[in-house]
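One structure is given here, and the rest of the page talks about it.
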């Protein structure tokens with residue numbers, strides 16, 4: 001085990017995988033000498049050379065489209081997009097090609113592509129950098145959607161993504177790039193997709209989060225403890241595939257569920273989770289499922305405004321207390 | 001599948017002025033004609049209510065067959081667009097498969113009834129499937145070429161589209177990327193005069209597509225797309241050069257869409273009949289036949305025999321394909337993910 005920040009754990013994953021598999025190469029804006037907008041690829045150009053760490057023009061659709069082509073031709077490219085908001089420019093390539101080519105070609109063509117992108121508020125970078133749209137990508141069948149909340153998962157899940165035959169949307173919350181955690185050193189360490197993680201056991205309420213919102217959930221659980229409430233905190237880790245089994249088992253034990261996400265509530269992924277809990281555990285619920293989400297506004301810049309737009313641990317505590 | 005070649009043996013020696021052998025010329029005529037006759041039968045099947053949607057390449061066969069014959073099927077890659085039946089025939093598709101495709105049958109090698117007709121894709125033959133959003137395949141072609149270059153694999157990738165698609169960003173991003181990295185991509189643009197109903201002057205302020213290449217630092221040339229021999233002669237050196245590491249090339253084949261955009265389109269709303277008649281007189285298949293007959297390459301009876309064989313092949317394929325099974329409802333859920 002080594003204590004690493006999430007960005008360093010991600011870099012370790014890239015390094016180890018590039019050493020393991022010579023088909024892996026990296027494409028993205030400023031990923032070479034600059035080291036990536038969030039310093040994830042720092043040092044990789046020096047270690048692996050320009051053939052495998054390629055700076056690209058500012059052309060998101062182009063980068064992803066080239067990655068799709070290289071993946072179809074048998075390579076294992078990774079594409080870095082600066083932020084999830086910029087990925088809109090590549091949405092056609094991601095949705096109509098990467099997610100669908102295997103199906104449309106009757107299983108002939110595979111697109112084993114890893115697309116990394118940063119998401120989330122708190123940096124602060126305002127409305128066209130900071131949204132949390134994991135749920136948008138989770139809407140599309142054919143994609144894996146991965147959103148780690150800590151350094152160890154970030155490493156294990158990214159390594160797992162390179163071993164998959166499908167396209168993986170790998171979403172990194174900017175507020176936790178610098179958060180340290182214990183990370184296994186074993187080069188064969190991977191975290192399986194579709195396995196939620198119970199970060200804290202509890203019997204009174206289930207709090208479900210993913211990506212950055214897991215941290216609000218954990219802080220809320222600590223606060224709730226002072227009120228004598230034992231919260232179980234579940235980190236989904238991947239939205240596609242989704243581990244509802246762990247969530248449902250927990251809800252059947254605690255009889256209450258709160259979903260925390262930075263995403264907008266309206267049409268967000270929390271709505272999907274809530275619906276599935278109702279469908280699968282309605283008779284066990286002592287209260288309606290609650291959602292604590294981002295406010296229904298574009299992300300504002302000023303700190304006070306941004307905090308107001310994001311869900312806080314106090315919001316989570318309030319939601320739990322309201323259902324007890 | 002029988003070939004017209006069975007008639008008598010053809011020379012493999014290139015003929016002066018043609019740079020193609022008798023065998024290749026016969027192949028060219030056979031593929032162009034097969035493409036046209038298949039399309040005609042598909043439209044008839046659409047009108048009979050047997051095929052839900054047909055999109056065809058009539059008028060572009062010379063461009064397609066001439067360009068694809070400059071490649072090495074089985075080695076090179078094709079990122080085609082929905083009019084390129086002729087290219088697919090050169091790369092190994094046969095009449096039966098074309099009919100399975102238009103009917104969305106389970107044995108369609110392109111998509112087994114999952115993908116829209118004419119969105120070709122065949123892994124074994126190095127043909128990649130595509131989105132209906134035009135020009136996306138230019139980027140896939142650049143990616144395939146990048147992969148080939150990284151693996152030091154001497155393959156060439158041909159990406160095609162109509163001229164309308166060259167207004168999309170993906171086209172420009174692909175040209176830029178491919179040129180920066182000197183990738184072995186042939187951007188083959190079939191300028192057929194129309195983007196559905198819009199004439200070229202509504203799609204671009206330039207006189208054509210070839211000059212767009214210059215802005216990205218690659219070479220762009222114009223060729224007469226109604227002349228399959230001229231197309232082959234223009235594409236072949238570009239392919240050879242790309243294979244040797246000379247980088248990408250853009251070739252604009254000026255041709256004409258002789259039919260409406262698709263089986264759902266009525267082109268009388270936007271296209272003058274007189275213009276259509278003028279271009280119909282320059283039908284690439286007719287011109288080819290006249291030339292090889294005039295130059296004494298093939299006697300008339302040989303060409304008639306090829307036509308008769310093509311007609312029989314298309315008739316047989318259409319009848320056969322309609323008897324083939326459709327996918328079952330329970331087949332709908334497979335292949336969303338590649339498992340394992």
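Read the figures in this text as sums done on the coordinates, not as results from a lab. What you see is a predicted model, and the numbers here were worked out from it, not measured in a lab. A quick note on method: Cβ atoms are made from the backbone with ideal geometry, for glycine too, and the neighbour counts reach across all protein chains shown.
Neighbour counts of other C-beta atoms within 10 Å: give me A:56, A:167 arranged from fewest to most. Ascending Cβ contact count within 10 Å gives the list A:56, A:167. Springs between Cα atoms under 10 Å define the GNM used for chain A, and in it the highest mean-square fluctuation of A:45, A:81, A:158 occurs at A:45. Contact order for chain A, expressed relative to its length and based on alpha carbon pairs under 8 Å spaced 6+ residues apart, stands at 16 percent.
Please report the antiparallel percentage of DSSP beta bridges with both residues in the range A:197-323, rounded to the nearest 5. Close to 20 percent.
Across the range B:148-202, Cα-Cα pairs more than 12 Å apart make up 69 percent of the total.
I want the antiparallel fraction of DSSP beta bridges within the protein assembly as shown, as a percent rounded to 5.
If I count the DSSP bridges inside the protein assembly as shown, around 20 percent turn out antiparallel.
Helix A:244-254 axis versus longest C-alpha principal axis of chain A: approximately 20°, rounded to the nearest ten.
Please report the antiparallel percentage of DSSP beta bridges with both residues in chain B, rounded to the nearest 5.
Here the share of antiparallel DSSP bridges comes out near 20 percent.
The ranking of B:131, A:250, B:11, B:262 by Cβ neighbour count inside 10 Å, starting from the fewest, reads B:11, B:262, B:131, A:250.
Please label the shape of chain B as rounded, prolate or oblate, based on the square roots a ≥ b ≥ c of the eigenvalues of the alpha-carbon gyration tensor (a/c under 1.5 means rounded; beyond that, a/b larger than b/c means prolate, else oblate). Rounded. Per-residue ellipticity at 222 nm, computed for chain B from helices alone with -39500 (n - 2.57) per DSSP H run of at least four residues, works out to -13000 deg cm²/dmol.
Computed per residue of chain A from DSSP H runs no shorter than four, each worth -39500 (n - 2.57), the mean residue ellipticity at 222 nm is -10000 deg cm²/dmol. Placing one equal scatterer on every Cα of the range B:231-340 and applying the Debye formula, the log10 ratio I(q)/I(0) at q = 0.18, 0.22, 0.23 Å⁻¹ is -1.10, -1.14, -1.17.
Would you mind checking the tilt of helix A:60-72 against the longest principal axis of the Cα atoms of chain A, expressed as 0 to 90 degrees and rounded to 10? Value to nearest ten degrees: 70. Here is the tail figure for chain A: Cα pairs spaced more than 24 Å apart come to 52 percent of all pairs. Label reach from residue B:124 (point 7 Å along Cα→C-beta): in the range B:82-98, amide nitrogens under 13 Å belong to B:92-94, B:97. Relative to the longest principal axis of the Cα atoms of chain A, helix A:151-161 runs at roughly 50 degrees.
Under the criterion of Cα pairs below 8 Å and six or more residues apart, the relative contact order for chain B equals 22 percent. Centre-to-centre, using Cα atoms only, the range A:234-258 and the range B:12-50 are separated by 59 Å.
Which of A:57, A:184, A:241 moves the most in a Gaussian network model of chain A with Cα springs under 10 Å? Most flexible of the set in this elastic network: A:57. Legend: Rg and Dmax of the range A:224-275, from Cα coordinates, 12.2, 35 Å. Calculated over the range A:2-183, the projected area of the Cα convex hull averaged across directions stands at 9.3 nm². For the range A:274-324 and the range A:137-182, what is the centre-to-centre distance using only Cα atoms, to the nearest Å? Cα centroid of the range A:274-324 versus Cα centroid of the range A:137-182: 23 Å apart. Taking the centroid of alpha carbons for each part, the range B:171-238 and the range B:111-160 are 18 Å apart. Cα-based values for the range A:197-323, radius of gyration first and Dmax second, are 13.7, 44 Å. Compute the normalised compactness of the protein assembly as shown: alpha-carbon radius of gyration over 2.2 N^0.38 Å, N being the residue count. Dividing the Cα Rg of the protein assembly as shown by 2.2 N^0.38 Å gives 1.09.
Modelled this way, with points 7 Å down the Cα-to-C-beta line, the labels at residue A:201 and residue B:291 are 8.1 nm from one another. Between residue A:51 and residue A:185, what FRET efficiency follows from the Cβ-Cβ distance if R0 is 30 Å, with the result rounded to 0.05? For R0 = 30 Å, the calculated efficiency reads 0.65.
Each residue in A:323, A:299 was given a count of other beta-carbon atoms within 10 angstrom of its own, and listing them fewest first yields A:323, A:299.
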